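Down below is the structure, laid out as structure tokens.
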Amino acid sequence: KSDREIGLVLGRGGPRAFLYIPGVFKGDLKCRFAAVRREGQGLTDYEAYFAWAELKMAPPEKGKVMPLNFIVNENDGQGRGSWMGLTPGIGEAKAPVNFSSFVFVK
């Protein structure tokens, strides 16, 4: 399985990261939060770093193509109120075929 889902959440206990690999793994993701800032009720900013090994995959190589997408959910504990994403393929259904592809150059 090559798909990965990473979640970043700021809850009552502070920031938390999780990793989900469909049919393979679901649990906490070891990462370093460099900054998590919340401004009122309208903006939360995350800076998080994690090693490729923590994603249970080999590091990328120059020229490798990787489909990638992200969404931001608005959820204040009552379920998702709204979301926005880079491309279709997550919010409305899990469909990686719709993701944009990026090429590693370094």
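The values are calculated or read from the model by the stated rules, or taken from the named source; none is laboratory data. Since we're looking at a predicted model, the values are computed, not measured. Cβ placement follows ideal geometry from the backbone for every residue including glycine, while neighbour counts extend to all protein chains displayed. Protein only, heavy atoms only, side chains kept; ligands, DNA and RNA dropped before computing areas. Shrake-Rupley method; radii C 1.70, N 1.55, O 1.52, S 1.80 Å.
Things worth noting here:
- Residue in the range 46-53 that is over 13 Å from the mean Cα position of the chain (by Cα), within 21 Å of residue 9 (Cβ to Cβ) and at pLDDT 90 or above present: yes
- Top-ranked residue of the range 1-22 - restricted to ones that are more than 12 Å from the chain's Cα centre (by Cα) and open to solvent by 70 Å² or more (accessible area, probe 1.4 Å), ranked as modelled with the lowest pLDDT: 1
- Any hit, the range 68-75, residues being in contact (Cβ under 8 Å) with a residue 24 or more places away in the chain and either part of a strand (DSSP E or B) or open to solvent by 80 Å² or more (accessible area, probe 1.4 Å) (or both): yes
- When the range 88-102 is filtered for residues that are touching a Gly at 6+ places or on another chain (Cβ under 8 Å) and assigned to a loop (DSSP other than H, G, I, E, B), the ones remaining, listed by number, are 91, 95, 99.
- Tallying residues that are of a type in the set (A, V, I, L, M), touching a Pro at 6+ places or on another chain (Cβ under 9 Å) and open to solvent by less than 80 Å² (accessible area, probe 1.4 Å) within the range 76-99 yields 2.
- Single residue of 25, 102, 33 found to be open to solvent by 50 Å² or more (accessible area, probe 1.4 Å), closer than 13 Å to residue 4 by Cβ and at pLDDT 90 or above: 25
- Verdict on residue 65 being over 13 Å from the mean Cα position of the chain (by Cα) and under 24 Å from residue 3 (Cβ atoms): yes
- Candidates 58, 48, 17, 34: the one that is at negative phi, free of Cβ contacts under 8 Å to residues at least 60 places away in the same chain, of a type in the set (A, V, I, L, M, F, W, C) and outside any strand (DSSP E or B) is 58.
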